[in-house]
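Take a look at the structure below.
Only the coordinates and a few stated rules stand behind these numbers; no lab work does. Values in this document were obtained by computation on a predicted structure and should not be read as measured data. Neighbour counts run over all protein chains shown; Cβ positions are idealised from the backbone, glycine included.
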Amino acid sequence: MIEIKNLFKKYKNLIAVDNINIKIDNNEIFGLLGPNGAGKTTLIHILATLIKPTSGTATINGYDIISDSSKVRSSIGIVFQAPSSDDILTGYENLKIHSLLYNVPSNIREKRIEDVLELVGLTNRKNDQVKKYSGGMRRRLEIARGLLHKPTVIFLDEPTLGLDPGSREVMWKYIKRLVNEEKITIILTTHYMEEADLLCNRIGFIDKGKIIALDSPSKLKEGIGGEIINIQVEYNEICELDEIVNMIKHFDFVHKIENYNEGIITIYVDNANRNLPSILKYVDKFTNNKIHIISVDFRRPTLNDVFLKFTGRHIEDQHDKDGAEGGFMERYAQYAKK
Amino acid sequence: MVPKVALWRDMHNMQKNNNKSFKFDLELGKIYAIWLREFKVFLREKSRLVASTFTPLLWLFVLGGGLGSTVSTPFHASNIDYQKFIFPGIVIMSVIFSSVFFGAYIIWDRKFDFLKSVMVAPVRRSTIFLGKTFGGMTTSLIQAFILLGIGVFIGVNYTPYSIASFIVIVLMLSFALTSLGLAIGSYMESLEGFQLIVSFVVFPLYFLSGALFPLDNIPIWLSILTSINPATYAVEALRSSMLGVDGKNILIVNIGVLLITTLALGIVGILSFRRMKAV
């Protein structure tokens, strides 16, 4: 169980974490979803006792992150955004060193290492140097390392950043397996909406250090109000469009209409599959051919629509090419560029 | 899954055990873990070992052989030529380079996040520090031993006493200088500062140590600089125990200064590690 209380972190001229309060239950996959620079990683680093908050605190399994940091460290595992294993060593050696650092007793050490390797599917590559691993395998080794000491909470910071779609799906499979087999609480940060949607029991939307919405993915999407219909139209006079939009508003299954100035009418409705034909019929019948429908589509709301609703912005995906993929020298080259 | 549950309970019981000696064992295990990683990396990076052995050989044979053919040492009577005279100095040079660089390499550990993964484990900063320094001492000692073997070819004779004091001196100096390197590295954010360490730490330590010249007749300004350099005392101690050549200070003074330096730099290193930021 994790309890975050009035957590606040300020850097010189930037508020990275702005008064966050969250309770996370055992056995939950909790997602922190937000654009890059929203404060996700800072929040994770504070919870993992790597950064001290400016004010406020949090408890993990009842241990305070400031006054009981050593106990917090023993009970959590963390997978950083950039792989942090030593790539000159083998996968097994990395695990052995960390099991010593985490006091895994010597009589069960080998068994634990075997178990976690099995869990992430790296048993047959355990004696290869990490520099020979693919990006996805490195991430999985990090997860194995995070599980060595049987933590009750594990933090995954952008677990699939920079992975190709295939490896990403494999990673999702392993994350789901963790919750089922290890009975562990997972806190993951991501800026991929589908990832959060697929994996998380609850999602906290984070933007500029603040939690702006927090609920289960389905509830968040329901909050948008039904499905979304986009009708692209051609028209001569904007007032004609105004008129028709006002009429559509009177259907009881329509929640709201927006953005029609550009010629695309966005309508939030219940049961779009059944109600869309009535809307189209209505438009046809009452506009006397003054307004022509060019195209129609409807879709269920995504988490991006939720973010859009709260912030007026999209969660961008531009950061991908800067992902922490590759070996030490690649990362060094990246660092040198900066 | 009965065995898993049993293991889980075992671990909990172990962690609940607050016995002091048990805790001490655990810290030793963690120091061993950090040391093990350094040692494995050292064994695997053969190019580093080859490069760091080759440079001292250049000094010993090219400078020692070349310059040695024209200069004479004050110890010709005891059959010590220039090459033999600088041999202990070259050993100390190898220790200076490998120890300071080893310490400063912590910048790389931080750059590729390995250090972060260690710092998020329940490990004391002083434990990380000690594991690292022991790693540096091991590396320096192995390289010094390779040079010791080469010493046979230039006619250096060893006694059990000279080898024992060789080990003690090398270990003390490498502890001190690995600590120094780690302390500097813990303050540096970027690799650009590495060149500064080479110019302002490594080379002055070497050139101002009397590794290459006797300290008896040097100008006063140089004499002041050499006497505040801890490596000077290591060179003198090593020269006296290996070649029977006495320098400016007697052996006990040399060892005393080395010991104080070692302790002082060790403390500086631990304090720097305590305040080092994790991310």
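A few remarks follow.
- For A:Ile51, distant residues with modelled amide H under 5 Å away: A:Ile46
- Lys pairs, chain B - Cα-Cα below 24 angstrom, 8 or more residues apart or on other chains: 22
- Rounded to 10°, Cα long-axis angle of helix A:272-286 versus longest principal axis of chain A: 30
- Gap separating the Cα centres of the range B:87-124 and the range B:221-275, nearest whole Å: 21
- Of all beta bridges that DSSP places with both ends in chain A, some 65 percent have antiparallel geometry.
- A:Asn127-A:Asp252 FRET efficiency (beta carbon distance; Förster radius 51 Å; 0.05 resolution): 0.15
- Summary of packing: across the peptides B:187-193, B:97-103, the per-residue average of other C-beta atoms within 10 Å ranks them, highest first, as B:97-103, B:187-193.
- Amide hydrogen neighbours beyond the local backbone of A:Ile212, cut-off 5 Å, H modeled: A:Phe205, A:Ile206, A:Asp207
- For the range A:241-257, the Karplus equation 6.51 cos²θ - 1.76 cosθ + 1.60, evaluated at θ = phi - 60°, returns couplings of 5, 3, 4, 5, 5, 4, 6, 4, 3, 7, 5, 6, 8, 8, 8, 7, 10 Hz by residue, with Gly and Pro reported as x.
- Spatially proximal aspartates and glutamates relative to A:Lys309 (Cα-Cα < 15 Å; intrachain offsets below 8 disregarded): A:Asp207, A:Asp215, A:Glu222, A:Glu227, A:Glu258
- Neighbour net charge for A:Asn288 - beta-carbon separation under 15 angstrom, K R +1, D E -1: -2
- Relative exposure of A:His255, A:His191, judged by other C-beta atoms within 10 Å (fewest first): A:His255, A:His191
- Remark: mean inter-chain Cβ contacts per residue of B:27-37 equal 4, using a 10 Å Cβ-Cβ cutoff to other protein chain atoms.
- Compared with the dominant principal axis of the Cα atoms in chain B, helix B:46-57 is inclined by about 20°.
- Computed helical MRE - 222 nm, chain B, DSSP H runs ≥ 4 contributing -39500 (n - 2.57), nearest 500: -23500 deg cm²/dmol
- Taking max minus min of the alpha-carbon positions on each principal axis, the range B:123-279 gives extents of 51, 37, 27 Å, largest first.
- Sequence-distant lysines (8 or more away, or on other chains) whose Cα lies within less than 29 Å of A:Lys285: A:Lys249, A:Lys256
- Order of A:Arg73, A:Arg168 under a 10 Å beta carbon neighbour criterion, fewest first: A:Arg168, A:Arg73
- Each Lys or Arg adds one and each Asp or Glu takes one away; over the other residues whose Cβ falls under 10 Å from the Cβ of A:Thr152, this sums to +1.
- Antiparallel DSSP beta bridges within the protein assembly as shown, percent to nearest 5: 65
- Residues whose placed amide H lies under 5 Å from that of A:Ile78, excluding near-sequence neighbours: A:Phe155
- Listed by Cβ neighbour count within 10 Å, with the fewest neighbours leading, A:Glu158, A:Glu114 appear as A:Glu114, A:Glu158.
- Measure of compaction for the range A:218-257 (Cα Rg per 2.2 N^0.38 Å): 1.44
- Placing a label point 7 Å from the Cα of B:Phe145 along the Cα-to-Cβ direction, the residues of the range B:224-260 with a backbone N closer than 20 Å are B:238, B:242.
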